[in-house]
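The values are calculated or read from the model by the stated rules, or taken from the named source; none is laboratory data. Just so you know, these numbers come straight off a predicted model, no measurement behind them. Positions of Cβ are generated from backbone atoms using ideal geometry, with glycine treated the same way; all protein chains shown enter the neighbour counts.
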Amino acid sequence: MMTVDLVEAAGFEAFEAGNASEAIVILEATPGIRILFTDIDIPAAWTA
């Protein structure tokens, strides 16, 4: 079972992103996100 499945099974809404660029789009479009799980090796360029 993937982490997103566990989060949804607990009754929460979950979003998935395949890379950092997708994650940024989701985060910008969904300001109510309270927690973020991430992989250690994030594909795509990441600058902050």
**OP:** Sort out which residues of region 14-47 are of a type in the set (D, E, K, R) and either touching a Ser or Thr at 6+ places or on another chain (Cβ under 6 Å) or modelled with pLDDT of 95 or more (or both), and write them in order of number.
**Re:** Glu28
Original post:
If the Cβ limit is 8 Å and pairs must be 6+ apart or interchain, which residue in region 14-33 that is under 17 Å from Met2 (Cα atoms) pairs with which residue that is of a type outside the set (Val, Ile, Thr) and outside any loop (DSSP other than H, G, I, E, B)?
Top reply: Ala14/Glu8; Ala17/Ala23
**OP:** Output the residues belonging to region 2-31 that are in a loop (DSSP other than H, G, I, E, B) and of a type outside the set (Val, Ile, Thr).
**Re:** Met2, Ala10, Gly11, Phe12, Glu13, Ala14, Phe15, Glu16, Ala17, Gly18, Asn19, Pro31
